[in-house]
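What follows is a set of notes on a single structure, which appears directly below.
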Amino acid sequence: MARARRNMSYKLTGLHDRRSRDLPFNAELAEVKVDNPLALDQDDKIVAVRSIRNDPLGRLHSHHQIDEAQYRGGRAYQSDWERAERGPQAMDPTREHVDGTRSREPITESQRQAVLRLNRVERELGTDGAALVHDVLVLGLTMDQIGQRRAVRTQRWNDYFARRFRECLDRLALIYGFATNASARRR
């Protein structure tokens with residue numbers, strides 16, 4: 001018996017939406033346009049989904065409460081903080097075990113530069129502004145939590161902290177070069 005021949009003409013249908021529909025009940029997501037890594041043109045964008053549950057900076061940006069320069073300035077601060085931080089590190093099983101003590105690894109040039117930028121940020125923002133930026137961008141605290149830590153729990157203080165945090169983000173955008181003085185004055 002002869003084999004049945006397949007029809008080799010395929011019809012291309014529209015693009016498929018491959019975003020996950022199975023999300024946890026407490027997921028907080030936002031759609032964001034990013035550069036297409038597989039694009040032939042440099043300006044091609046795709047829509048991606050990012051989690052904003054534990055990301056106060058991402059939440060503010062996705063709700064259009066801060067602009068792109070403020071967002072990038074905040075991300076640059078977070079990147080410098082992560083680079084400069086020298087917290088607990090895992091044991092390296094490939095290194096020779098001598099007496100259980102670990103020798104300190106030398107500070108790299110990128111860590112040194114990150115610390116210098118963070119010192120400049122603290123000088124520019126002042127003690128209170130630097131503490132506020134650290135609380136939000138590194139510890140991930142909300143304005144309510146910041147008010148509770150400082151023993152002020154009214155809405156007026158929350159509004160003050162939010163306004164001061166946006167001012168600090170403006171300053172970070174200037175420090176890291178994502179904005180100019182002229183664009184900061186227009187707001």
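Could you list, in sequence order, all residues of the range 52-79 that are closer than 29 Å to Gln111 by Cβ and exposed (fewer than 13 other Cβ atoms within 10 Å of the Cβ)?
Matches in the range 52-79: Asn54, Glu68.
From the list Arg95, Arg163, Arg112, pick out the single residue that is open to solvent by 70 Å² or more (accessible area, probe 1.4 Å) and at pLDDT 95 or above.
Being open to solvent by 70 Å² or more (accessible area, probe 1.4 Å) and at pLDDT 95 or above holds for just one of Arg95, Arg163, Arg112, which is Arg163.
Kindly indicate whether Ala182 is surrounded by 14 or more Cβ atoms within 10 Å (Cβ to Cβ) and either within 23 Å of Asn54 (Cα to Cα) or at pLDDT below 95 (or both).
Considered against the rule, which asks whether it is surrounded by 14 or more Cβ atoms within 10 Å (Cβ to Cβ) and either within 23 Å of Asn54 (Cα to Cα) or at pLDDT below 95 (or both), Ala182 comes out as no.
Of the residues in the range 133-167, how many are small (Gly, Ala, Ser) and in contact (Cβ under 8 Å) with a residue 40 or more places away in the chain?
So the answer is 1.
Collect the residues in the range 12-54 that are farther than 24 Å from Gly140 by Cβ, at pLDDT 80 or above and either in contact with a Ser or Thr (Cβ under 9 Å, 6 or more places away or on another chain) or basic (Lys, Arg) (or both), keeping them in residue-number order.
Listed by number, the residues that qualify are Lys33, Lys45.
Considering each of Leu141, Leu125 in turn, give the residue that is modelled with pLDDT of 90 or more, closer than 23 Å to Asn181 by Cβ, surrounded by 12 or more Cβ atoms within 10 Å (Cβ to Cβ) and not small (Gly, Ala, Ser).
Leu125
The values are calculated or read from the model by the stated rules, or taken from the named source; none is laboratory data. Given the structure is predicted, the values throughout are model-derived calculations rather than measurements. Every residue, glycine as well, gets a Cβ built from its backbone with ideal geometry; the counts of neighbours run over all protein chains shown. To get the accessible areas, we keep the full protein, side chains included, count just its heavy atoms, and leave off ligands, DNA and RNA. Shrake-Rupley method; radii C 1.70, N 1.55, O 1.52, S 1.80 Å.
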